[in-house]
Amino acid sequence: MLVGRRNYLVEGVSGTGKTAVCHELRRRGLHAVNGDRELAYQGDPVTGRAVSAVAGTAVHDHHLWDVERVRAIAGDASQPATFFCGGSRNAEGFLEVFDAVFVLVVDAATLERRLDARGDDEWAGAGRTDERALVRRLHASGAGTPDGVRLDATQPLELVVDELLRRCAVFDDGSERSVWWVSEDGADEDPRFLGAFSTWAAAAASADDRRRQVHESRTVYVDRYTVGETAWASGFFQVDA
């Protein structure tokens, strides 16, 4: 499967700031896709077939992204980095195209304040009590959101995006310098992203810390990515006990 240089998913429950992050990334000149506006449709979560006459809280359960369009955008190697911002109920069908998944998190009070600022024509906005109750349940349980690197989205927007780009080692012009990527064995032997660092020393220290946290029960890896390359350029580095 053809995949672009770097693809990232920015997720989170309604009200955590996915759309705002998308707009800020674009303001900085980065390639960002507002998935809930550009990729979404109402569909059967099992078959993916488009459905009509969906209303109320059922809209959430049928909120899907067009898988083929996701894969097509992710496969655009002309973009050094692409950020997909939004949520969907069929994300498991395309998670493999992403180098990392980030989940925006806020506390309950911040969530309520942001939803209170929405109009009555917006999801979970003024007077839409059933939708608001659903968002509260999803916020409390974490259901419907994929696992990922948690980002504190209660911070000012500029700081949230700064942290996102730091963790991706992507700069405002979309370029990538020499990046040390730390990961560990995950489900089905797929590596799970832990962090990105600008030096080997910082990456190795992070890997060592992680090994101590898990009592050396799994392998932690450090790889280097070189600017201008579309694959790992310097091979593979394993942090041994």
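The values are calculated or read from the model by the stated rules, or taken from the named source; none is laboratory data. A quick note: this is a predicted structure, and the numbers were derived from the prediction, not measured. All Cβ positions, even for glycine, are placed from backbone atoms using ideal geometry, and neighbour counts span all protein chains on display. What goes into the accessible areas is simple: the full protein's heavy atoms, side chains included, and nothing from ligands, DNA or RNA. Shrake-Rupley method; radii C 1.70, N 1.55, O 1.52, S 1.80 Å.
Consider region 100-116. How many of its residues are modelled with pLDDT of 95 or more, of a type in the set (A, V, I, L, M, F, W, C) and open to solvent by 20 Å² or more (accessible area, probe 1.4 Å)?
Summing the residues that are modelled with pLDDT of 95 or more, of a type in the set (A, V, I, L, M, F, W, C) and open to solvent by 20 Å² or more (accessible area, probe 1.4 Å) in region 100-116 gives 3.
Give region 20-34 a look and list any residue that's under 16 Å from ALA153 (Cβ atoms) and within 12 Å of the chain's Cα centre (by Cα), or say none. So that I can check it myself, show each step before the final result.
Our first condition is that a residue be under 16 Å from ALA153 (Cβ atoms); within region 20-34, this holds for 20-25, 32.
Of everything in region 20-34, those that are under 16 Å from ALA153 (Cβ atoms) and within 12 Å of the chain's Cα centre (by Cα) turn out to be VAL21, CYS22, ALA32.
Among the residues of region 23-34 satisfying the criterion of being out of contact with any Cys (no Cβ under 6 Å at 6 or more places or on another chain) and not charged (D, E, K, R), which is surrounded by the fewest Cβ atoms within 10 Å (Cβ to Cβ)? Can you show your working first?
Restricting attention to region 23-34, the residues satisfying the condition of being out of contact with any Cys (no Cβ under 6 Å at 6 or more places or on another chain) are 23-31, 33.
Checking which are not charged (D, E, K, R) leaves us with 23, 25, 29-31, 33.
Values: HIS23: 16, LEU25: 26, GLY29: 10, LEU30: 22, HIS31: 19, VAL33: 24.
Ranking the qualifying residues of region 23-34, first place goes to GLY29.
When region 117-137 is examined, which residues are found to be open to solvent by 70 Å² or more (accessible area, probe 1.4 Å) and without any contact (Cβ under 8 Å) to a residue 12 or more places away in the chain?
Here is the first cut: in region 117-137, the residues open to solvent by 70 Å² or more (accessible area, probe 1.4 Å) are 117, 120-122, 127-130, 136-137.
Matches in region 117-137: ALA117, ASP120, ASP121, GLU122, GLY127, ARG128, THR129, ARG137.
Considering only region 68-78, I want to know if a residue exists there that is open to solvent by 10 Å² or more (accessible area, probe 1.4 Å), under 24 Å from ARG192 (Cα atoms) and among the polar types (S, T, N, Q).
Looking for residues that are open to solvent by 10 Å² or more (accessible area, probe 1.4 Å), under 24 Å from ARG192 (Cα atoms) and among the polar types (S, T, N, Q), one finds none in region 68-78, hence no.
Quick check: anything in region 180-203 among the aromatic types (Phe, Trp, Tyr), modelled with pLDDT under 85 and assigned to a helix (DSSP H, G or I)? First the steps, then the outcome.
Restricting attention to region 180-203, the residues satisfying the condition of being among the aromatic types (Phe, Trp, Tyr) are 180-181, 193, 197, 200.
Cutting the leftovers down to modelled with pLDDT under 85 gives us 180-181, 193, 197, 200.
From what is left, the residues that are assigned to a helix (DSSP H, G or I) are 200.
Among the residues of region 180-203, at least one is among the aromatic types (Phe, Trp, Tyr), modelled with pLDDT under 85 and assigned to a helix (DSSP H, G or I), which makes the answer yes.
I'm trying to understand the selection: among the residues of region 1-18, which are within 18 Å of the chain's Cα centre (by Cα) and either part of a strand (DSSP E or B) or surrounded by fewer than 16 Cβ atoms within 10 Å (Cβ to Cβ) (or both)? Steps first, please.
Narrowing region 1-18 to residues within 18 Å of the chain's Cα centre (by Cα): 3-18.
Selection gives ASN7, TYR8, LEU9, VAL10, GLU11.
Which one of the conditions (1) open to solvent by less than 50 Å² (accessible area, probe 1.4 Å); (2) in contact with a Leu (Cβ under 9 Å, 6 or more places away or on another chain); (3) free of Cβ contacts under 8 Å to residues at least 60 places away in the same chain does VAL54 fail to meet, given that it meets all the rest?
The number of the failed condition is (2).
If a residue must be of a type in the set (A, V, I, L, M) and within 16 Å of the chain's Cα centre (by Cα), how many such residues does region 68-118 contain? Can you show your working first?
So the first thing to find is which residues in region 68-118 are of a type in the set (A, V, I, L, M), and the list is 70, 72-74, 77, 81, 91, 95, 97, 100-101, 103-106, 108-109, 111, 115, 117.
Now restrict to residues that are within 16 Å of the chain's Cα centre (by Cα): 70, 73-74, 81, 91, 95, 97, 100-101, 103-106.
Number of matching residues: 13.
Touching a Ser or Thr at 6+ places or on another chain (Cβ under 9 Å), part of a loop (DSSP other than H, G, I, E, B) and closer than 23 Å to ALA58 by Cα: which single residue out of ALA124, ALA143 fits that description? Let's see the steps before the verdict.
On the way: ALA143 fails: touching a Ser or Thr at 6+ places or on another chain (Cβ under 9 Å).
So the residue among ALA124, ALA143 that is touching a Ser or Thr at 6+ places or on another chain (Cβ under 9 Å), part of a loop (DSSP other than H, G, I, E, B) and closer than 23 Å to ALA58 by Cα is ALA124.
What are the residue pairs meeting all of these: first residue in region 138-157, first residue in contact (Cβ under 8 Å) with a residue 60 or more places away in the chain and under 20 Å from CYS22 (Cα atoms), second residue of a type in the set (S, T, N, Q) and surrounded by 14 or more Cβ atoms within 10 Å (Cβ to Cβ), Cβ atoms under 6 Å, and 6 or more apart or on different chains?
ALA153/THR16
For region 150-170, which residues satisfy the criterion of being crowded, with 18+ Cβ neighbours inside 10 Å and assigned to a strand (DSSP E or B)?
Of everything in region 150-170, just one residue is crowded, with 18+ Cβ neighbours inside 10 Å and assigned to a strand (DSSP E or B), namely LEU151.
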